[in-house]
Amino acid sequence: MTEESEEQKKLARAVSVVPRNRLKEKVGSGGFEEAVLVKAQTLLKENKIDFEPTAQIFVNLLEKKIAEVKSGSTVGDAAIEALLYPLMQLKSQGSLFQYHFITTISDNLITFLEKVSIIDTDVLDIAAAHRTALHIVLATKMKGGDSKAGKDLHDALVDSCNRYYRARNI
Amino acid sequence: MAYDFKKIKVLVVESSPPLYELLKGVLGLFSVSEDKIYSAYSMDEGFQKFCRDGHDLLIVDWLDNPNSGIKLTKQIRTNKISPNIYVPILMTAGSGHVNRVLLARDAGVSGYLVKPFSAKSLAEKIERIIEQPRPFIIHDSFTGPDRRVKQKPFTEPDRRKVVPEKK
């Protein structure tokens, strides 16, 4: 019989607990009513909550982070993380407040930054172009996802990323 | 008959005020009483309020400063002063990248919801927490819902002790 290794002894100390389902005890059964879901989705789609001040904070932060990376004060993975933080906030919240182009433009830059291996001047120029586009969307209160100007902006940014990928065989 | 959320207390830990307002509105439509929806804008405030009020459900954003939502989750699961280490925690995040989901899972969240979300996806996550609770694993290296979601054949003896929750 082989002796138990220290690792196996450690694993043997795990305990599985079946906790009371307190949440179910309080809310009961039956799921969510369809009518409630429809109302909630309408609220998400048509709410008038003012997102602009919050969005502006993140767009300004993106600008600041681009400048820091350009100056060399933030480098490597930290540079990518620094740029990703405001973008994630804009991407995740934009369309919840009807700013669909905020979400799609931010998402495009997130995808781009996650694909590139190093942040060179071209990458920063592309990031800056996205930042300008985000500023335009906010400044013109470009809500919804149907605006031709918004689509043109988004398409131009996608093209710039694709040109970068082609030039570097990404 | 449908769920009745009037009796439950929900803590929303979210650094974006507009997003908190939106979540509050949706939870209100789900029948959570307005005076039972609590807000916290940071990890520290979240833990403080949870210890004070002992909520029934937490909706915790990923937060910044890196991974503060992750740290809050671990604190709730492991800190001796946590009033309930088993409380359901639904994490919301802007990314569904597998590395982030695994980080959240390994911190001990009960569910993960990518933003932007629909009312239906939020409801589905909450319903799953209610109807498909998982046993809790308590160990030095991990405390949280059992991470084994798929049922795979396992031939070795299962050494885990299975115990009911202590009263």
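Just so you know, all these numbers are worked out from the coordinates, no wet-lab data involved. Treat the numbers as computed from the prediction; the structure is a model and nothing was measured. Positions of Cβ are backbone-derived with ideal geometry, glycine not excepted, and every protein chain shown enters the neighbour counts.
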Order of B:ASP56, B:ASP106 under a 10 Å beta carbon neighbour criterion, fewest first = B:ASP106, B:ASP56
With Cβ to Cβ distances under 15 Å as the rule, what net charge do the other residues near B:GLU14 carry (K, R +1; D, E -1)?
-> -2
Measuring from the longest principal axis of the C-alpha atoms of chain A, the long axis of helix A:121-139 (C-alpha) lies at a number of degrees, nearest 10, equal to 90 degrees
Over all residues in A:36-45, what is the mean tally of Cβ atoms on other chains that come within 10 Å of each residue's Cβ?
-> 6
Set Lys and Arg Cβ to +1 and Asp and Glu Cβ to -1, take the dipole of chain A about its Cα centre, and tell me which of A:LEU44, A:ALA156, A:ALA129 lies farthest positive.
-> A:LEU44
Projected onto the charge dipole of the protein assembly as shown (+1 at Lys/Arg Cβ, -1 at Asp/Glu Cβ, origin at the Cα centre), which of B:ALA2, B:SER16, A:LEU113 gives the Cα projection farthest towards the positive end?
-> B:ALA2
Where a ≥ b ≥ c are the square roots of the eigenvalues of the C-alpha gyration tensor, would you call segment A:111-155 rounded, which needs a/c under 1.5, or, failing that, prolate if a/b is larger than b/c, or oblate?
-> prolate
One finds the C-alpha centres of segment A:114-141 and segment A:56-109 to be spaced, in Å, by 8 Å
Choice from A:VAL158, A:VAL75, A:VAL38 showing the highest fluctuation, given a GNM over chain A with Cα pairs closer than 10 Å = A:VAL38
Kirkwood Rh, Cα atoms: Rg over Rh of segment B:18-154 = 0.94
Please tell me which of these pairs span more than 20 angstrom C-alpha to C-alpha: A:LYS91/A:LYS115; B:LYS7/B:LYS49; A:LYS39/B:LYS24; A:LYS26/B:LYS36; A:LYS45/A:LYS65?
-> A:LYS45/A:LYS65
Under 5 Å, built H, 5+ apart or other chain: amide partners of B:SER33 | B:ILE8
Fewest-first ordering of B:PHE154, B:PHE136 by Cβ atoms within 10 Å yields B:PHE154, B:PHE136
Fluctuation leader among B:ASP35, B:ASP44, B:ASP53 - chain B, Gaussian network, Cα springs under 10 angstrom = B:ASP35
Along segment B:22-34, what does the Karplus equation 6.51 cos²θ - 1.76 cosθ + 1.60 (θ = phi - 60°) give for ³J(HN,Hα), rounded to whole Hz, x for Gly and Pro?
-> 5, 4, 4, x, 5, 4, x, 5, 6, 5, 6, 5, 4
Take peptide A:81-91, look around each residue's Cβ out to 10 angstrom, count Cβ atoms belonging to other protein chains, and average those counts.
-> 3
Which of A:TYR165, A:TYR85 has the fewest Cβ neighbours within 10 Å, and the rest in rising order = A:TYR165, A:TYR85
Computed FRET efficiency, Cβ-Cβ of B:VAL98 and B:SER121, R0 22 Å: what is it to the nearest 0.05?
-> 0.75
For B:VAL60, list long-range residues whose amide hydrogen, built 1.01 Å from N in the peptide plane, is under 5 Å from its own amide hydrogen.
-> B:VAL13, B:LEU90, B:MET91, B:THR92
Taking placed amide H atoms and a strict 5 Å upper bound, the residues 5 or more places from B:ILE137 or on another chain that come that close are A:VAL17, B:GLY144, B:ASP146
Count, for each residue of B:13-25, the Cβ atoms from other chains sitting within 10 Å of its Cβ, then give me the mean as a whole number.
-> 4
Candidates A:GLN41, A:GLN98, A:GLN56; GNM for chain A (alpha-carbon contacts under 10 Å) flags as most fluctuating A:GLN41
Regarding segment A:94-170, what is the average projected area of its C-alpha convex hull, in nm²?
-> 4.8 nm²
Along segment A:64-77, Karplus-curve 3J(HN,Hα) (6.51, -1.76, 1.60; θ = phi - 60°) to the nearest Hz, with x for Gly and Pro, reads 4, 5, 4, 5, 5, 5, 4, 7, x, 6, 10, 9, x, 4
Starting at the first residue of segment B:123-140, write each ³J(HN,Hα) from the Karplus equation 6.51 cos²θ - 1.76 cosθ + 1.60 with θ = phi - 60°, in whole Hz, x for Gly and Pro.
-> 4, 5, 5, 5, 4, 5, 4, 6, 8, 10, x, 9, x, 9, 9, 10, 7, 4
